[in-house]
Amino acid sequence: MPSDRSYQVVLDGVEAELRRGELAPGDRLPGERALATKYGISRASVREALRVLDTIGLLKSAVGSGPASGSTLISEPATGMARAMRLHMAARNLPLDDIVRTRMLLEGWAARAAAERVAAHGTDFPELAEASALLADMDGDDVDRVRFHILDSQFHLAVSALAGSVVISTMMDSMRETIRGYVIDAFTDLADWTEVAAELRAQHRGILGAVLDGDGDAAEERARSHIAWFVERAIH
């Protein structure tokens, strides 16, 4: 990175324009030359700023010409958060156990909040239908370990989405992505996969059942116990 961090003026400028509503996800940024002129910095500093925006999940770049080329603003906060946490985990600054404990807290809160929404408003939520369909897919005879993990993650995302907090859902998504490699390795290495998969299916049904019943206490306890059980069985 440039030692004077002059690329920061682009980040500050983009943030200010987003806050004022002058930019929004889906908008294209001007080219490097135009940005360099606008902010009075070098094109090298502009490129550094664009790389940072890409890393934190705010930019998608495409080469070539035409309407799909250039740098387009997006909003994928979980991507940037997960990338940062994975790097800090690799640097031994974010212990895996702390990530897991935080995920347990968030999963428990989300399950409780989802159940409370059902208790207050009934079961007519698309997230509930999605969660039920995902559990049915998990029961398929042709579901391998990788596919099971994908369905498992999507199930938890559906429950967290029902909780109604975009921030919590984003944090949970980023934490799942942060430890995805550990989970996939655990799935791959399990010698008793058939038994573990059966238990995970039962636990998922228990979580969804508590949510459908509008039982916040049970939903929270089952969600936390589910995470703790798998970590103890497969990762530690």
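Where a number appears in this text, it was derived from the coordinates with a stated rule and is not lab data. Quick caveat: nothing in here was measured; it's all calculated off a predicted structure. In this analysis, Cβ positions are derived from the backbone assuming ideal geometry, glycine residues included, and neighbour counts consider all displayed protein chains.
Largest GNM mean-square fluctuation across Leu35, Leu59, Leu212, computed for the chain with C-alpha springs under 10 Å, falls on Leu35.
Karplus-derived 3J(HN,Hα) values for the range 169-174, using 6.51 cos²θ - 1.76 cosθ + 1.60 with θ = phi - 60°, are 4, 5, 5, 5, 4, 5 Hz; glycine and proline are entered as x. With viscosity 1.002 mPa s and temperature 20 °C, the Kirkwood radius over alpha carbon pairs of the range 8-75 converts through Stokes-Einstein to a diffusion coefficient of 178 µm²/s. Separation of the range 82-99 from the range 116-131 is 34 Å, based on Cα centroids.
Amide H contacts for Ser6 (H built 1.01 Å from N in the peptide plane; partners 5 or more residues away or on another chain; cut-off under 5 Å): none found.
Helix 216-230 axis versus longest C-alpha principal axis of the chain: approximately 80°, rounded to the nearest ten.
Each Lys and Arg adds +1 at its Cβ and each Asp and Glu adds -1 at its Cβ; summed about the Cα centre, the range 8-75 shows a dipole of about 160 debye. Please work out the Cα center distance from the range 1-61 to the range 189-236, rounded to the nearest Å. Spelled out, the Cα-based centre of one part sits 43 Å from the other. Around the Cα centre of the range 13-142, unit charges on the Cβ atoms of Lys, Arg, Asp and Glu (plus for the first two, minus for the last two) sum to a dipole of about 1040 debye. Of the trypsin sites (Lys or Arg not before Pro) found in the range 59-138, those that fall in a DSSP loop while having at most 15 other beta-carbon atoms within 10 Å are Arg92. Can you find, among His149, Met85, Val118, the residue sitting farthest towards the positive end of the charge dipole of the chain, where Lys and Arg contribute +1 and Asp and Glu -1 at Cβ? Result: Met85, furthest along the dipole toward the positive end. Helix-only arithmetic for the chain: the sum of -39500 (n - 2.57) across DSSP H runs with n ≥ 4, divided by the residue total, places the mean residue ellipticity at 222 nm at -22500 deg cm²/dmol. Only Cα pairs under 8 Å and 6+ residues apart enter the sum, and on that basis the relative contact order of the chain stands at 21 percent. About its Cα centre, the chain has a charge dipole of approximately 1240 debye under the convention of +1 per Lys or Arg Cβ and -1 per Asp or Glu Cβ, with nothing else charged.
Relative to the longest principal axis of the Cα atoms of the chain, the long axis of helix 43-55 lies at roughly 10 degrees.
When you restrict to C-alpha pairs under 8 Å that are six or more residues apart and normalise by the size of the range 8-75, the relative contact order lands at 34 percent. Backbone geometry of the range 128-138 corresponds, through the Karplus equation with coefficients 6.51, -1.76 and 1.60 at θ = phi - 60°, to 3J(HN,Hα) couplings of 5, 5, 5, 4, 5, 5, 5, 5, 5, 5, 5 Hz, x marking Gly and Pro.
Between the residues Pro95, Ser71, Val196, the greatest Cα displacement towards the positive end of the dipole of the chain, with unit charges on the Cβ of Lys, Arg, Asp and Glu, is found for Ser71. Relative to the first principal axis of the alpha-carbon coordinates of the chain, what is the inclination of helix 77-90, with its axis defined by its Cα atoms, in degrees from 0 to 90 and to the nearest 10? On a 0 to 90 degree scale, this one is about 80.
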